[in-house]
């Protein structure tokens, strides 16, 4: 049984799909837009959010982006009446677990939810972990974010004569991302920070080793040379504030 939040601005869809999910044994709450969904998420945890893409106040894509920060352990299944390929690709890149094009039957939805439940059951013993990655032109540092203070779990400096770890042509780049993929294998949230941060390139490299991890990466540009404490504080705020995009 899963705890599911169903988000759609059409009352008939909320009623019909919610009833189908409840009959299958799941605990279901309903919201009419992304704003209501985020408000509910501040008071209770949901295993899965099933959300329409086109909604007033806060749409499904924006809701997905915010959930990746505020509730990285929640799987998001998006629904849309427009199954455009670019939209589907964008949703998966932002971290959606699945994507369905309306109309669909109750059985089709329940089959998708069952797959999500099976995957969650297989991985439920894995610890949830969040990481902050700092990168500048000289080094890279990864913090595992605990409740009170972070722990440096990887500090990488290019060997003499080698370039930055984000140099896609360098052998050292591959070695670096192999280490990163191994270190972040239990991640449920990854924030990359730094001056002029290239989180798109970071995601591209990480995707070669751990595609599932690449979907978790969020990038935020920060000033030069912050302290370790400032990096951790910034990451903690981003992970815990559901209103931060």
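The values are calculated or read from the model by the stated rules, or taken from the named source; none is laboratory data. Not measured: the values here are computed from a predicted model. Positions of Cβ are backbone-derived with ideal geometry, glycine not excepted, and every protein chain shown enters the neighbour counts.
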(message) Restricting to the stretch 174-227, and then to whatever is assigned to a loop (DSSP other than H, G, I, E, B), surrounded by 15 or more Cβ atoms within 10 Å (Cβ to Cβ) and more than 12 Å from the chain's Cα centre (by Cα), can you tell me which residue is modelled with the lowest pLDDT?
(response) 197
(request) Please find, within the stretch 27-47, the residue that is nearest to residue 80 (Cα to Cα) out of those that are in contact (Cβ under 8 Å) with a residue 40 or more places away in the chain and out of contact with any helix residue (DSSP H, G or I) (no Cβ under 7 Å at 6 or more places or on another chain). (result) 46
(request) Any chance you could count how many residues in the stretch 79-113 are touching a residue at least 60 places away in the same chain (Cβ under 8 Å), part of a helix (DSSP H, G or I) and within 20 Å of residue 62 (Cβ to Cβ)? (result) 2
